[in-house]
Amino acid sequence: MTVEPERVVDEIVAAAGGRLVSRIRLQKLAYLLDQLGARSGFRYAYHHYGPYSRDLDAAVFDAEAFGLVEERYEHRKLDGARYSIFERKAEAGPPAFSYLGDPRLRDVVKRLAAVNATVLELAATAHWLAANEKAQDWRTEIIRRKGSKASEGRLAEAMQLLAELGLPPAAAQG
Amino acid sequence: MSKRLRDPVHGLIVFDVENDPVDRLAWRLLDTPEFQRLRRIHQLGVSEFTFPSAVHTRFAHSVGVFHTARTLVRVIAREMRRNDEAPDARKAEVALIAALLHDLGHGPFSHTFEHVQEARGARKRHEQWTAEIIRNPAGRIRPLLEAFRAGFAEEVAALLEREDPEDIYHAVVSSSFDADRLDYLRRDKLMTGTGAGGIDFDWLVENIRVAPIALDAPDGDEATPRTVPTFCLDRKALPAAEQFLLARYTLHEQVYFHKTTRCVEAMIGRLLAAVADAASGAGNAVERTGLPAGHPLLRFFGKGGETVENYLALDDALIFGSLDAMAKAADPVIAEMAARLRDRNLYKTLDLAEFGADKGRQASRQRWIEKEFADKIANGRVIRDDKAAIGIYAEIGGDEDRMHKRLHILDGGTPTEISRLSDLIRALEPKKPFRRFYFADKADRDAARQGGRPR
């Protein structure tokens with residue numbers, strides 16, 4: 001049975017410790033969790049930050065509408081760039097994990113909540129290219145699409161993360 | 001002798017084919033079958049069902065984008081000299097031709113077709129089709145580009161495929177002030193006839209500056225981000241910048257996400273999905289779809305049919321011209337959708353905003369309708385549309401805008417995101433969803449409207 005969409009958002013934020021930073025991180029986290037066996041029921045398509053789900057975007061509205069999670073904004077000191085912060089609302093009560101019933105998945109959330117969003121983007125994109133687009137040479141393709149974003153050791157970090165999670169293409173290589 | 005086109009947005013667009021090699025190349029590209037196809041794809045897809053004059057094409061838009069790109073290339077040269085740097089003529093040539101060709105890969109009804117393909121598990125987006133059409137050795141575009149300069153086709157395709165900028169010339173095709181945006185905002189406003197959404201184009205262009213911005217998306221970790229030069233605005237243009245973002249916001253709200261337009265898109269999506277099923281499944285596709293054997297839709301959706309050649313045979317005109325034939329299809333969904341679209345007998349819309357602005361109330365009503373009409377949602381007699389949303393920094397489709405697409409103002413010389421400086425823009429930061437249902441039967445719509453109300 002598929003879980004209600006707002007529960008997916010609520011449980012991810014809860015498993016992260018009640019607070020999760022950045023919409024990009026939320027999207028990539030949900031994608032990777034689904035690859036690890038979580039069953040959000042969401043559909044993903046490729047966007048410029050890698051796999052992205054409109055269903056999850058709509059679920060964020062539902063999570064707010066049903067009073068589970070609140071989205072607020074902060075700004076990077078350097079240039080004022082805005083980013084989202086999701087926080088569980090007190091009235092949501094203690095989380096009853098069903099979508100993230102497996103404690104290992106909750107540990108993954110805790111771990112990934114602290115990973116740089118660009119590294120997460122690269123990890124999710126590499127997985128998407130290898131598993132969904134069946135790219136013959138996913139490494140060339142990710143560098144073509146992401147340019148310098150994939151440099152400075154970030155792609156290596158993303159591969160390390162996928163290896164840790166046991167996901168292709170890193171796991172397939174290892 | 002130069003060549004001239006008249007344009008309702010830009011006036012006279014001149015191609016100096018004798019003296020300017022880029023203009024000469026651009027003029028030749030217009031005559032290729034791949035570019036001429038854009039005359040048969042409406043810029044705003046099915047918006048003409050709502051705004052009858054919005055029948056402008058991707059051909060006219062692309063020419064306008066090329067013209068605007070020339071302005072932006074001059075701005076780059078001006079600003080590089082201001083920064084004691086030398087402009088790069090070769091990169092400018094790539095950017096200009098990329099601007100002209102950026103829409104080659106759009107399918108019929110653009111994003112609607114893309115969503116149908118997405119639902120079928122096809123992974124190729126219009127940007128990838130564009131690059132493939134440019135690189136196609138059997139096509140008419142590539143030889144012209146290679147005759148201009150060896151390796152030029154690859155340079156143009158690669159620029160359009162790149163998701164993030166590597167230098168300032170990328171800003172011509174992708175930035176907060178890219179040529180695409182600067183053309184479509186003005187053209188769509190003019191052609192729809194909407195009074196909202198004007199922009200102060202000359203003042204904006206006069207105040208464009210080139211400065212390095214942080215490229216990495218902010219995620220709260222305050223790590224040192226990579227930087228890249230892009231278009232920013234002098235602080236004097238802050239009011240014009242606010243107006244520019246509001247124009248984009250307003251066009252989304254009033255035109256692109258208009259409930260009737262979205263309803264027609266959903267109906268065309270249902271029609272094309274049913275044709276794709278018939279073409280790729282068992283049974284007699286000709287009988288099931290009403291389309292003649294060898295019709296481009298049957299070729300494309302048939303097994304192994306997703307080739308560049310078959311893709312280029314698809315356009316809006318082909319599909320509208322096939323509605324009458326499809327109205328006689330054996331498949332009841334194809335027959336009904338085609339006949340309804342031909343005669344503009346549309347599904348009836350229920351916008352959840354009718355229940356009030358309260359998000360909780362809207363979400364509860366949505367759940368009630370989903371439960372009450374579950375069977376009809378499953379068989380397509382009721383269509384749910386809850387995936388459209390607009391924020392001042394959300395791209396079409398809903399994902400977060402990339403950093404180089406956000407608008408930066410030079411605040412004391414430092415590029416600063418506009419929402420930091422403008423209360424007006426900050427007020428529009430939260431994303432606003434559009435939640436609708438479309439009903440085949442008016443009685444169902446009326447029942448949903450009544451039943452969904454508080455008792």
Next on the checklist: Name the residue that is surrounded by the most Cβ atoms within 10 Å (Cβ to Cβ), counting only residues in the range A:125-136 that are more than 10 Å from chain B (Cβ to nearest Cβ) and in a helix (DSSP H, G or I).
Outcome noted: A:Ala126
Checklist entry - Is it true that A:Tyr52 is open to solvent by less than 10 Å² (accessible area, probe 1.4 Å) and away from chain B (no Cβ under 11 Å)? => result no
Checklist entry - Filtering the range A:56-107 down to residues that are of a type in the set (Gly, Ala, Ser), away from chain B (no Cβ under 11 Å) and without any contact (Cβ under 8 Å) to a residue 40 or more places away in the chain, which residue is surrounded by the most Cβ atoms within 10 Å (Cβ to Cβ)? => result A:Gly101
Item to check | Residue count, the range B:79-103 (criterion: over 23 Å from B:Arg162 (Cα atoms) and over 30 Å from the mean Cα position of the chain (by Cα)) | outcome: 6
Checklist entry - Counting only residues that are open to solvent by less than 20 Å² (accessible area, probe 1.4 Å) and assigned to a loop (DSSP other than H, G, I, E, B), which one in the range A:36-47 is nearest to the other protein chains (Cβ to nearest Cβ)? => result A:Ser40
Checklist entry - Is at least one residue of the range B:177-193 modelled with pLDDT of 95 or more, part of a loop (DSSP other than H, G, I, E, B) and out of contact with any helix residue (DSSP H, G or I) (no Cβ under 7 Å at 6 or more places or on another chain)? => result yes
Item to check | Restricting the range B:307-343 to residues that are under 20 Å from B:Gly45 (Cα atoms) and of a type in the set (Val, Ile, Thr), the residue that is farthest from the chain's Cα centre (by Cα) | outcome: B:Ile334
Checklist entry - If you go through the range B:190-222 one residue at a time, how many are farther than 27 Å from B:Gly64 by Cα and touching a Ser or Thr at 6+ places or on another chain (Cβ under 9 Å)? => result 9
Checklist outcome for this item: B:Gly397 meets each of (1) under 26 Å from A:Glu6 (Cα atoms); (2) at pLDDT 90 or above; (3) surrounded by fewer than 22 Cβ atoms within 10 Å (Cβ to Cβ) with one exception, condition (2)
Checklist entry - Is it the case that the range B:212-219 has a residue that's within 14 Å of another protein chain (Cβ to nearest Cβ) and over 27 Å from B:Tyr169 (Cβ atoms)? => result yes
Item to check | Residue pairs meeting the criteria (Cβ under 6 Å; at least 6 apart or on separate chains; first modelled with pLDDT under 95, in the range B:131-151; second among the aromatic types (Phe, Trp, Tyr) and open to solvent by less than 30 Å² (accessible area, probe 1.4 Å)) | outcome: none
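Residue by residue, here is whether (1) touching a strand residue (DSSP E or B) at 6+ places or on another chain (Cβ under 9 Å); (2) open to solvent by less than 40 Å² (accessible area, probe 1.4 Å) holds:
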{"site": "B:Glu417", "(1), (2)": "yes, yes"}
{"site": "B:Ser422", "(1), (2)": "yes, yes"}
{"site": "B:Glu429", "(1), (2)": "yes, yes"}
{"site": "B:Phe434", "(1), (2)": "yes, yes"}
{"site": "B:Tyr438", "(1), (2)": "yes, yes"}
{"site": "B:Asp441", "(1), (2)": "yes, no"}
{"site": "B:Asp446", "(1), (2)": "yes, no"}
{"site": "B:Gly451", "(1), (2)": "no, yes"}
Checklist outcome for this item: By residue number, the members of the range B:351-390 that are under 26 Å from A:Arg82 (Cα atoms), buried (at least 19 other Cβ atoms within 10 Å of the Cβ) and either more than 10 Å from chain A (Cβ to nearest Cβ) or out of contact with any Gly (no Cβ under 6 Å at 6 or more places or on another chain) (or both) are B:Asp386, B:Ala388, B:Ile390
Checklist entry - If B:Gly412 satisfies every condition in (1) open to solvent by 60 Å² or more (accessible area, probe 1.4 Å); (2) more than 30 Å from B:Asp178 (Cα to Cα) but one, which is the exception? => result (2)
Checklist entry - Can you name every residue in the range A:52-91 that is among the small types (Gly, Ala, Ser) and farther than 19 Å from B:Ser419 by Cβ? => result A:Ser53, A:Ala58, A:Ala59, A:Ala63, A:Ala65, A:Gly67, A:Ala90
Checklist entry - Quick one: A:Leu122 ticks every box in (1) of a type outside the set (D, E, K, R); (2) modelled with pLDDT of 95 or more; (3) open to solvent by 20 Å² or more (accessible area, probe 1.4 Å) bar one, so which box is it? => result (3)
Next on the checklist: Among the residues that make up the range B:222-231, is at least one of them more than 14 Å from chain A (Cβ to nearest Cβ), closer than 30 Å to B:Ile76 by Cα and open to solvent by less than 50 Å² (accessible area, probe 1.4 Å)?
Outcome noted: yes
Next on the checklist: For the range B:281-304: of the residues being surrounded by 15 or more Cβ atoms within 10 Å (Cβ to Cβ) and touching a residue at least 24 places away in the same chain (Cβ under 8 Å), which is nearest to B:Lys124 (Cα to Cα)?
Outcome noted: B:Phe301
Item to check | Criterion violated by B:Pro225 - all others in (1) part of a helix (DSSP H, G or I); (2) within 26 Å of B:Pro165 (Cβ to Cβ); (3) modelled with pLDDT under 95; (4) not hydrophobic (A, V, I, L, M, F, W, C) satisfied | outcome: (1)
Next on the checklist: Of the residues A:Arg139, A:Arg154, A:Arg144, only one is basic (Lys, Arg), under 23 Å from B:Pro218 (Cβ atoms) and surrounded by 14 or more Cβ atoms within 10 Å (Cβ to Cβ); which?
Outcome noted: A:Arg154
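Rundown of residues vs (1) surrounded by fewer than 22 Cβ atoms within 10 Å (Cβ to Cβ); (2) farther than 27 Å from B:Leu346 by Cβ, yes/no style:
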residue	(1), (2)
B:His42	no, no
B:Thr50	yes, no
B:Ala69	no, yes
B:Arg78	yes, yes
B:Arg82	yes, yes
B:Asp88	yes, yes
B:Lys91	yes, yes
B:Glu118	yes, no
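The values are calculated or read from the model by the stated rules, or taken from the named source; none is laboratory data. A quick note: this is a predicted structure, and the numbers were derived from the prediction, not measured. Don't worry about glycine lacking a Cβ; one is built from the backbone with ideal geometry, like all the others, and counts go over all protein chains shown. Only protein heavy atoms, including side chains, enter the accessible area calculation; ligands, DNA and RNA are left aside. Shrake-Rupley method; radii C 1.70, N 1.55, O 1.52, S 1.80 Å.
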